[in-house]
Structure formats: structure tokens, C-alpha cells
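K.L.:
Pasting a structure below so you can have a look.
The values are calculated or read from the model by the stated rules, or taken from the named source; none is laboratory data. In this text the structure is predicted, and so the values were computed from the model without any measurement. Note: ideal-geometry Cβ built from the backbone for every residue, glycine included; neighbour counts use all protein chains shown. The protein model used for the area step is the full one, side chains on, heavy atoms only, and it has no ligands, DNA or RNA in it. Shrake-Rupley method; radii C 1.70, N 1.55, O 1.52, S 1.80 Å.
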Amino acid sequence: QVQLVESGGGLVQAGGSLRLSCAASGRTFSIYTMAWFRQAPGKEREFAAAISRSGTRTYYADSVKGRFTISRDNAKNTLYLQMNSLKPEDTAVYYCAAEIHGLVGTTSPDYNYWGQGTQVTVSS
């Protein structure tokens, strides 16, 4: 089992940047495929980005492609999401998630473990 704790959220103006972190503890971090999801008020949770166990493969939702970068540091047991050119529609609670089987999914049921989330608010 793995425990996930997100940080780095906050309030930023449109066009600005934020870097989210997700610290993992418990089982060896490098065995998990990792992902970021987000949930805006009144909307379902949606996939944002995912990264393979080794970090060599990354995947993005069309809505964030070219603006967000997912990365991981397996030595530090930490997942990151660099968010640039933020838009008001990026406002959401951002969650990191872990998948045990090494598969890369884009839906919530694909992932086994979740953090508590961190709020990102982008003002216009």
C-alpha cells in the first residue's frame, strides 16, 4: 500500500504557473504508474496526465497538452505536475493517483490509491 500527499496548490492569475508535488510513502514508489486527475466544482473527476514507472513515457489530456508537464523522481518518492499558462478553466482540486499493475489508464477506476487533493484556483 502507498500513501499519497499532494502539495503546491494555491491561487494564481491566468497565464501564471504552479508546480504541484505528490509525496509517496509506504511501498516502493517506482513500482507504481502515477497520474494526476482533477475535479472542478459540479463536474466529474477527469484525467490530466500520467507517467510510467520509469518516467520514460508520459500521457496528457488534450486540455492540458503543451501547458502541463508530469514528471517523477523515484529517488525522492515524489511526483510532480508543472502547470504553465494556466487558465480559469484549470481551476479544480488536483489529485495524484497510483496504479499497481504498471498499466497507464485515463479513468479513475484504473487507479488503486489516491491522495486527498490540493486546490488550484486560477483567476481571470
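K.L.:
In region 49-64, what residues are open to solvent by less than 50 Å² (accessible area, probe 1.4 Å) and either under 19 Å from Ser21 (Cβ atoms) or touching a residue at least 60 places away in the same chain (Cβ under 8 Å) (or both)?
P.N.:
Scanning region 49-64 gives Ala49, Ala50, Ile51, Ser52, Gly55, Val64.
K.L.:
Taking Gly66, is it in a loop (DSSP other than H, G, I, E, B), more than 18 Å from Val120 (Cα to Cα) and either in contact with a Leu (Cβ under 7 Å, 6 or more places away or on another chain) or at pLDDT below 95 (or both)?
P.N.:
Here the answer is no, as Gly66 does not meet what is asked.
K.L.:
Right, another one. Among (1) surrounded by 15 or more Cβ atoms within 10 Å (Cβ to Cβ); (2) more than 14 Å from the chain's Cα centre (by Cα), there is one condition Gly115 misses while meeting the rest; what is its number?
P.N.:
Gly115 satisfies every listed condition except (2).
K.L.:
Can you tell me which residue in region 40-63 is farthest from Ala14 (Cα to Cα), limited to those that are acidic (Asp, Glu) and assigned to a loop (DSSP other than H, G, I, E, B)?
P.N.:
Among them, the one singled out is Glu44.
K.L.:
Return the pair list, or none, for Cβ contacts closer than 6 Å from residues in region 94-114 that are under 24 Å from Ser7 (Cβ atoms) to residues that are basic (Lys, Arg) and surrounded by 14 or more Cβ atoms within 10 Å (Cβ to Cβ), at least 6 apart or on different chains.
P.N.:
Tyr94/Arg38; Ser108/Arg45
K.L.:
Please go through (1) closer than 20 Å to Ser124 by Cα; (2) part of a strand (DSSP E or B); (3) of a type outside the set (A, V, I, L, M); (4) open to solvent by less than 50 Å² (accessible area, probe 1.4 Å) for Phe37 and return the number of the only condition it doesn't satisfy.
P.N.:
Going through (1) closer than 20 Å to Ser124 by Cα; (2) part of a strand (DSSP E or B); (3) of a type outside the set (A, V, I, L, M); (4) open to solvent by less than 50 Å² (accessible area, probe 1.4 Å) one by one, Phe37 breaks only (1).
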